[in-house]
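Q: First the structure, then my questions, so here it is.
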Amino acid sequence: MRRRATEKTRRNPILAAALSIILPGLGQFYNRQIKKGLSFAIGALFVIVIWIGAFDTPQPLNPEAFEATPWNNQDLFFALGPFLIGLMVWSGVDAFQTAQRSL
């Protein structure tokens, strides 16, 4: 049986939230919110690249000069970690609420 074009497709809210927690934006793609999904995915990718790159930068030859900078690699790593977790939770809650409205 074919669906009507005007009929809403039901989405599973728990699956949508789980997908968004695994990778922000996946739940939005599941809910067919392409622009919002791209926004979450690009934001998460940006944070992940910087977060992983925090420990890939080479250390300077002069450790005293490195200590004088306001941010070192470990500070950047721990500052972006909670931001990434917050983005995952925000994406999961948004995907859950959107899928719940489709029921």
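A short reminder: the numbers here are calculations on the coordinates, not readings from a lab. All of these numbers come straight from a predicted model, not from anything done at the bench. Quick reminder, even Gly has a Cβ in these numbers, built from the backbone with ideal geometry, and neighbours come from all protein chains shown.
Q: When Phe77, Phe46 are ordered from fewest to most other Cβ atoms inside 10 Å of their Cβ, what list results?
A: Details: Phe77 15, Phe46 12.
Starting with the residue having the fewest Cβ neighbours, the order is Phe46, Phe77.
Q: To make sure I understand, if each residue's beta carbon is the centre and we count other beta carbons within 10 Å, what order do Phe29, Phe83 fall in, fewest to most? Kindly include the intermediate steps, with their values, before the conclusion.
A: Working: Phe29 19, Phe83 14.
With the fewest neighbours first, Phe29, Phe83 line up as Phe83, Phe29.
Q: Set the Förster radius R0 to 41 Å, insert the Cβ-Cβ distance between Gln100 and Phe77 as r into 1/(1 + (r/R0)^6), and round the FRET efficiency to 0.05. List each step's numbers first, then the result.
A: Values: r = 35 Å, r/R0 = 0.85.
Efficiency computed from Cβ-Cβ geometry: 0.75.
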